[in-house]
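Here is the structure we will look at.
The values are calculated or read from the model by the stated rules, or taken from the named source; none is laboratory data. Please read these numbers as outputs of a predicted model, since none were measured by experiment. For neighbour counting, all protein chains shown are included, and Cβ atoms are generated from backbone atoms with ideal geometry for every residue, glycine included. SASA here: full protein model, heavy atoms, side chains in, ligands and nucleic acids out. Shrake-Rupley method; radii C 1.70, N 1.55, O 1.52, S 1.80 Å.
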Amino acid sequence: MTDLIQPIVNGILLGGLYAAVAIGLSLMFGIVRLINLAHGDLMITASYLSLVMVEQVGLSPLTAAVMVVPMLFPAGFGLQKYVLNRALRRGPEPPIIVALGISIVLQNVLLLIFSPDARSIPANVAVLAVPVTENLSLPVIYLMGFGVGCTAIAAVHVLVRRTRLGRAIRAASEDDETARLMGIDTEYVHCCAMGIAVTTAAVAGVLVGMTFTFYPHSGPQYLLIAFGVIVIGGVGSMTGALAGGIVLGLAQLVGAHVFGPGHQLLCGYLVLLAVLAVRPHGILGRANS
Amino acid sequence: MTPSPLLNVRGLDVHYGRFQALFHVAVHVAQGEVVALIGGNSAGKSTLLRAIAALLAPSAGTIVFSGTDLGDLKPHQVVALGVSLVPEGRHVFGSLTVRENLLVGAHSRRARNAIRQSMEEVYELFPILRQRANIMGNELSGGEQQMLAIGRSLMSGPALMMLDEISQGLSPLVIKAVYRTLSAISRTGTAVLLVEQDVRRSVSVADRVYAMVRGRAVCLGVPGSLTEDDLKKACFGFELQGARSSEGERS
């Protein structure tokens, strides 16, 4: 039993990172009602940008993160303004196809530039751990992931619930036409929401790049994780994203410990199916969302 | 010399695809005036309001508000100029609280003091909204939602307020209260363009009345000059003998 403590702690900490991966998708999917299939690829693009900053420019991973994360806001804003908003005018389905196209393009551009080799952002913290007991230590990179994930969720939660822009995002997602009648430029609001979503993806991308190896085709893998997190936690719920991340992280790491590493993903998705069967709107989601 | 109207719609055509909904509509509203727009179902009343609010693009004609042509503007820009629309069916934001709904109504304004003052004015007009400030929009009764929809619209500080079927689905007591509020709003100098199927009630508060008949606007004149027969004909979409077309009235 005591040997389960380490995977449980690691699973909870990994949940914070998973929440950071999912929060942008949750914002767009649950609030703006747009399924951004390129979310994972944008995240991995941030991982590669950080890698370039660290390896080519010689910055520390933290400085690289500070440089890369704000760069992704205008990228997301522009993507929504010049590509997705145009598709959105034709109905809710075209943006999904367009996002899939962006995903494929990004993967192939990354493949051309960086080759298919596995990469990771070299960071000293990746090998550090804080010993707690003889059988338990806390990996610093997981602690960082958890802390940053919780901070990102709190920031997005405050933004959506407490600010003028957040109110406009929620109003536009509920009733676009009435929101326009209230003086809200809904297309601009969608651009801001996408900018924020891609910024959170960039934060997750830097953390993932420091924690795991990544490839040009890693994006869809993280997109699946993000979907799992928001389905378990509840669509559109920021605190639900954290709960979903922790449940998925726990299921994967405890499952891997009990049944073997080959069963890690399977255990995660079995829990996802179980949550869907028992509580289809997620742990903290509302039935009508 | 007649002052130039606050809103001046001239020769307006609107199409839904190949179907023409409005034909050369001409309507004007002066500052502080209450204008009722009556007519049967599918006469084009709501279409006219949606075109003024820039939700529909006209295929011909001009809409000038306070000297500005609204032709190429987007709905949020029209709101910023001082035109607000209370849509048919209320459309309050159910997942936002009453207070948040009101703040969304003030989205086009930046000055916090002005927003706070407008909110106080709305709470004075509809005291029940103050009591329900932290309740979700979808938890309000129909009457409360209508009050919220009107209050939310007032939050943008409009010079012209357009209201579409505000009595729909409400009890007579609530309708009476809502109409009392309309009179109070017009006394502040805000012009009101009112679309209603409850003809008698809308005419009772109006300074002038237009009838929409099969996509054409006809100016019936001032309420005192209208007979019961005129109103019935307007409601059922019959041609109105002796009524001047709004184009004719302006020419």
Legend entry - Residue match in the stretch B:133-152 (condition: in a strand (DSSP E or B) and of a type in the set (Ser, Thr, Tyr)): no
Inset, instruction - Provide a single number: the residues in the stretch B:156-215 that are closer than 23 Å to residue B:122 by Cβ, among the charged types (D, E, K, R) and not in a strand (DSSP E or B). - result: 5
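One line per residue, one yes/no per condition, for (1) under 30 Å from residue B:100 (Cα atoms); (2) open to solvent by 50 Å² or more (accessible area, probe 1.4 Å); (3) away from chain B (no Cβ under 14 Å):
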| position | (1), (2), (3) |
| --- | --- |
| A:163 | yes, no, no |
| A:167 | yes, no, no |
| A:217 | no, yes, yes |
| A:224 | no, yes, yes |
| A:229 | yes, no, yes |
Inset, instruction - Identify, from the list B:163, B:154, B:148, B:170, the residue that is within 14 Å of another protein chain (Cβ to nearest Cβ), open to solvent by 10 Å² or more (accessible area, probe 1.4 Å), of a type in the set (A, V, I, L, M, F, W, C) and under 20 Å from the mean Cα position of the chain (by Cα). - result: B:154
Inset, instruction - Might you let me know whether the stretch B:137-145 holds any residue that is buried (at least 21 other Cβ atoms within 10 Å of the Cβ) and within 13 Å of chain A (Cβ to nearest Cβ)? - result: yes
Inset, instruction - Given the conditions (1) crowded, with 22+ Cβ neighbours inside 10 Å; (2) away from chain A (no Cβ under 14 Å); (3) touching a Leu at 6+ places or on another chain (Cβ under 7 Å), report the number of the one that residue B:9 does not fulfil. - result: (3)
Inset, instruction - Would you be able to say whether some residue in the stretch B:123-136 is at pLDDT 95 or above and either closer than 24 Å to residue B:33 by Cα or acidic (Asp, Glu) (or both)? - result: yes
Legend entry - Unique residue being open to solvent by 10 Å² or more (accessible area, probe 1.4 Å) and over 27 Å from residue B:187 (Cβ atoms) when the list is B:26, B:60: B:60
Inset, instruction - Count, please, the residues in the stretch B:117-136 that happen to be open to solvent by 30 Å² or more (accessible area, probe 1.4 Å) and within 14 Å of chain A (Cβ to nearest Cβ). - result: 2
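For (1) touching a residue at least 60 places away in the same chain (Cβ under 8 Å); (2) buried (at least 22 other Cβ atoms within 10 Å of the Cβ), each residue gets a yes or a no:
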| site | (1), (2) |
| --- | --- |
| A:5 | yes, no |
| A:10 | yes, yes |
| A:20 | yes, yes |
| A:50 | yes, yes |
| A:90 | no, no |
| A:104 | no, no |
Inset, instruction - Taking residue B:110 as the residue in question, decide whether it is surrounded by fewer than 21 Cβ atoms within 10 Å (Cβ to Cβ), within 11 Å of chain A (Cβ to nearest Cβ) and at pLDDT below 95. - result: yes
Legend entry - Every residue from the stretch B:202-238 that is of a type outside the set (A, V, I, L, M, F, W, C), open to solvent by 10 Å² or more (accessible area, probe 1.4 Å) and modelled with pLDDT of 85 or more: B:204, B:207, B:208, B:214, B:216
Inset, instruction - Name, by its number, the condition in (1) open to solvent by 20 Å² or more (accessible area, probe 1.4 Å); (2) within 14 Å of chain A (Cβ to nearest Cβ) that does not hold for residue B:52. - result: (1)
Inset, instruction - Being more than 9 Å from every other protein chain (Cβ to nearest Cβ), part of a strand (DSSP E or B) and surrounded by 19 or more Cβ atoms within 10 Å (Cβ to Cβ) is the filter here, so list the residues in the stretch B:72-102 that pass it. - result: B:83
Legend entry - Listing of helices (runs of 4 or more DSSP H) fully contained in the stretch A:6-99 that carry 1 or more residues being at pLDDT 95 or above: A:39-52, A:61-79
Inset, instruction - Name, by its number, the condition in (1) open to solvent by less than 50 Å² (accessible area, probe 1.4 Å); (2) farther than 19 Å from residue A:104 by Cα; (3) aliphatic (A, V, I, L, M) that does not hold for residue A:57. - result: (1)
Legend entry - Unique residue being closer than 20 Å to residue A:51 by Cβ and out of contact with any strand residue (DSSP E or B) (no Cβ under 9 Å at 6 or more places or on another chain) when the list is A:92, A:122: A:122
Inset, instruction - Could you list, in sequence order, all residues of the stretch A:183-215 that are within 14 Å of chain B (Cβ to nearest Cβ) and small (Gly, Ala, Ser)? - result: A:183
Inset, instruction - Among the residues of the stretch A:169-182, count how many are more than 7 Å from chain B (Cβ to nearest Cβ), among the hydrophobic types (A, V, I, L, M, F, W, C) and either without any contact (Cβ under 8 Å) to a residue 24 or more places away in the chain or more than 21 Å from residue B:157 (Cα to Cα) (or both). - result: 2
